[in-house]
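If you scroll down you'll find the structure; I have some questions about it.
The values are calculated or read from the model by the stated rules, or taken from the named source; none is laboratory data. Keep in mind that this is a model prediction, so the values were computed, not measured. Note that we place each Cβ from the backbone using ideal geometry, even for glycine, and neighbour counts take in every protein chain shown.
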Amino acid sequence: MKSFGYAAQSKTSPLAPFHFDRRDPGPKDVAVAIDYCGICHSDIHQARDEWGGSIYPMVPGHEIVGRVTAVGAEVTKFKVGDLAGVGVAVDSCRVCPNCLALEEPYCTKGMVGTYNAKDYDGTLMHGGYSDNIVADERFVFSISPKLDLAAVAPLLCAGITTYSPLRHWKVGPGMKVGILGLGGLGHMGLKFAHSFGAHVVQFTTSESKIADAKKLGADEVILSKDPAQMAAHTGSFDFILDCVSAPHDMDAYLRLLKLNGTLCLVGLPDQPLSVQPFSLLAGRRSLSGSAIGGTKETQEMLDYCAEHNIVSDIELIGYDKLPEAYERVVKGDVKYRFVLDGKTLKS
Ligand SMILES: [Zn+2]
Ligand SMILES: [Zn+2]
């Protein structure tokens, strides 16, 4: 199948038009014409090889939504014309205990990433900054026509990455929950935690985000650079979702957890974290992490969003704005996710 998109040819080259081939849809495959693709901060890390091991050429993008254009003979979930989404993975081994439990991000063989990854047969995979994608129906999700399709795209990564840990730790009424960072991930974590009925406290370093956080559902906002505001909440949180990708003081947040409280990382600082053991021992606290979410839970999240009218807050842009968007994401200057409009992709 002929495809066209934007690719990085090296860690220093800007994304540029790129023609490539994808496999033709097999019996269980779904082909999707891409309408929109979100820009995740991890796209930038990988395009610039900031985590190491990047594979070029690379077509980034794993927040993909569009319309089904072809289905294989054994596909049961989709027909041509359906709305569909593809997220961070396009395959996994399917036979390890974690795959059998539909927790594919934790596949012991390693799942196949949507881009910057090789399929098990060695084929280089390309992502959603492109006009189409082919994937096994297990990794393609149904999308409700009730929601704004462009604003659905970020649910496929930022949405499920925050939904999954909030569900795993059973966030709901009667719980005090902190959301650390108000960016692409944080704003979705805030919306979900609020929707699940928790008392939600947003942490931010910038006074300019206080009003926004309240609008998005925060019951309280803490300016994390104010020690007095932080101290007032010592030992009071059931759960904190840490959505920050820059190095930060873990002990300052662990101290805010109550007995048996958990701080869960979903952001990915590129440096090792430092933690005082006492911050964990005092209060029998847990420091944990969570990676995206499995296929069953991703569909559950999308269905929940359709039922509760939850989407990402986005800035829809054309492909001509890609370089500028990358710079603004790095600066945290986006409310709260850029989404590329497929209509502006011209070969
Ligand atoms: Zn992502
Ligand atoms: Zn597996």
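Just one of the numbered conditions (1) within 25 Å of ILE39 (Cα to Cα); (2) in contact with a helix residue (DSSP H, G or I) (Cβ under 7 Å, 6 or more places away or on another chain) is not true of MET230; which one?
(1)
Results for (1) within 16 Å of ligand 2 (Cβ to nearest atom); (2) surrounded by fewer than 22 Cβ atoms within 10 Å (Cβ to Cβ); (3) in contact (Cβ under 8 Å) with a residue 40 or more places away in the chain; (4) of a type in the set (Asp, Glu), shown as yes or no for each residue.
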| position | (1), (2), (3), (4) |
| --- | --- |
| PHE141 | no, no, yes, no |
| THR161 | no, no, yes, no |
| ILE179 | no, no, yes, no |
| HIS187 | no, no, yes, no |
| SER195 | no, yes, yes, no |
| THR204 | no, no, no, no |
| ILE210 | no, yes, no, no |
| ALA213 | no, no, no, no |
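What number of residues within segment 144-197 are among the hydrophobic types (A, V, I, L, M, F, W, C) and in a loop (DSSP other than H, G, I, E, B)?
Looking only at that region, the number is 7.
Just give me the residues in segment 243-285 being among the hydroxyl-bearing types (Ser, Thr, Tyr) and under 20 Å from GLY186 (Cα atoms), in sequence order.
Residues of segment 243-285 among the hydroxyl-bearing types (Ser, Thr, Tyr): 245, 253, 262, 274, 279.
SER245, TYR253, THR262, listed by residue number.
Scan segment 95-143 residue by residue and report those that are within 16 Å of ligand 1 (Cβ to nearest atom), part of a loop (DSSP other than H, G, I, E, B) and small (Gly, Ala, Ser).
Those that are within 16 Å of ligand 1 (Cβ to nearest atom), part of a loop (DSSP other than H, G, I, E, B) and small (Gly, Ala, Ser): GLY127, GLY128.
Turning to a different aspect of this structure: When you scan segment 218-227, do you find a residue that is away from ligand 1 (no atom under 16 Å from the Cβ), out of contact with any helix residue (DSSP H, G or I) (no Cβ under 7 Å at 6 or more places or on another chain) and of a type outside the set (D, E, K, R), even just one?
Here is the first cut: in segment 218-227, the residues away from ligand 1 (no atom under 16 Å from the Cβ) are 218-227.
Filter once more, so that each one left must be out of contact with any helix residue (DSSP H, G or I) (no Cβ under 7 Å at 6 or more places or on another chain): 219-220, 225-227.
From what's left, of a type outside the set (D, E, K, R): 227.
Scanning segment 218-227 turns up at least one residue that is away from ligand 1 (no atom under 16 Å from the Cβ), out of contact with any helix residue (DSSP H, G or I) (no Cβ under 7 Å at 6 or more places or on another chain) and of a type outside the set (D, E, K, R).
Got a sec? Which of THR298, THR262 is surrounded by 13 or more Cβ atoms within 10 Å (Cβ to Cβ), among the hydroxyl-bearing types (Ser, Thr, Tyr) and within 30 Å of PHE78 (Cβ to Cβ)? Talk me through it step by step, then tell me what you get.
Details: THR262 fails: within 30 Å of PHE78 (Cβ to Cβ).
After ruling out the rest, the residue left standing is THR298.
If a residue has to be among the aromatic types (Phe, Trp, Tyr) and outside any strand (DSSP E or B) to count, how many in segment 1-58 make the cut?
2
A further question on this structure: Look through PRO247, PRO269 and report the one residue that is at pLDDT below 95, surrounded by 13 or more Cβ atoms within 10 Å (Cβ to Cβ) and not in a strand (DSSP E or B).
Numbers: PRO247 fails: surrounded by 13 or more Cβ atoms within 10 Å (Cβ to Cβ).
Exactly one residue qualifies, and that residue is PRO269.
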